[in-house]
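Here's the structure we're looking at; comments come further down.
The values are calculated or read from the model by the stated rules, or taken from the named source; none is laboratory data. Because the structure is a prediction, the values reported are computed rather than measured. Note: ideal-geometry Cβ built from the backbone for every residue, glycine included; neighbour counts use all protein chains shown. Quick note on the areas: whole protein, heavy atoms, side chains included, nothing else; ligands and nucleic acids left out. Shrake-Rupley method; radii C 1.70, N 1.55, O 1.52, S 1.80 Å.
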Amino acid sequence: MDFTIRAVRPEEHEEVGELTARAYLDDGHLTFGEDDPYLPVMKDVARRAVEAEVLVAADAEGALLGAVTFTPGGGEWADIAGADEAEFRLLAVARGARGRGVGEALVRACVDRARTLDGCVRVVLSTQDRMTSAHRIYRRLGFVRVPERDWSPVPGLSPLWAFSLDV
């Protein structure tokens, strides 16, 4: 790997917010585009870093390549994780860094982090059905679909798919 995974630094919050927003916008993953109500939430990395853990992938020169948010079950950022689970969300890789294993490394870091939590038995996540590149990473790492945990944060839109990995 020609990059490292580490905690986000305060001076990087704005850049990570933009990286995340661009990844989701450019790939068409925000239903309402620039007007999507979730966009400001995605960009507010300062809040995420206080209420959860934000991990970044950075190269040797310090360029940010990707980011993800990790939280134990019951945390402010947990959508579907129970008390004995952990969850990650907002996995994003900069377009120019794709194909280098950044996304997989960020997911592995979340799994490793979950294994350090007392009582944590699995990692869960929610994803859009059209995020097929991410699905390939999840399946390669052993995550399985858990359709009974699919859910819809926005009524009328397609449900988010749930994946799970026992740790």
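Rounded to the nearest 20, the size of the Cβ-charge dipole of the chain about its Cα centre is 620 debye, with Lys and Arg at +1 and Asp and Glu at -1. Starting from the Cα gyration tensor of the chain, take the square roots of the eigenvalues, sort them a ≥ b ≥ c, and report rounded, prolate or oblate (rounded when a/c is under 1.5, otherwise prolate if a/b is larger than b/c, else oblate). Cα axes put the chain in the rounded bin. The GluC sites (Glu not before Pro) of the stretch 1-84 that meet both conditions, a loop assignment by DSSP and at most 11 other Cβ atoms within 10 Å of the site Cβ, are 61, 76. For the chain, leaving out every one of the trypsin sites (Lys or Arg not before Pro) that falls in a DSSP loop and has at most 16 other Cβ atoms within 10 Å, the longest unbroken run is 1-97.
Applying 1/(1 + (r/R0)^6) with r as the Cβ-Cβ distance of residue 38 and residue 60 and R0 = 30 angstrom yields a FRET efficiency of 0.40. Accessible surface area normalised per residue over the chain is 49 Å², counting heavy atoms of protein chains with a 1.4 Å rolling probe. Toward the positive end of the charge dipole of the stretch 1-56, with +1 on the Cβ of Lys and Arg and -1 on the Cβ of Asp and Glu, the farthest Cα among 42, 20, 55 is that of 55. Straightening the chain between residue 148 and residue 83 buys 21.6 nm, computed as 0.36 nm per residue apart minus the Cα-Cα spacing.
Working from Cα pairs under 8 Å separated by at least six residues, relative contact order for the stretch 1-119 is 26 percent.
Averaging the Cα positions of each part gives two centres, and for the stretch 147-162 and the stretch 65-104 these lie 18 Å apart. Between residue 7 and residue 95, the modelled label-to-label distance comes to 3.3 nm, taking each label 7 Å out from Cα in the direction of the beta carbon. Extending 7 Å from the Cα toward the beta-carbon at both residue 166 and residue 121 defines two label points whose distance is 0.9 nm.
Largest mean-square fluctuation among 156, 62, 96, in a Gaussian network model of the chain whose springs join Cα atoms under 10 Å apart, belongs to 156.
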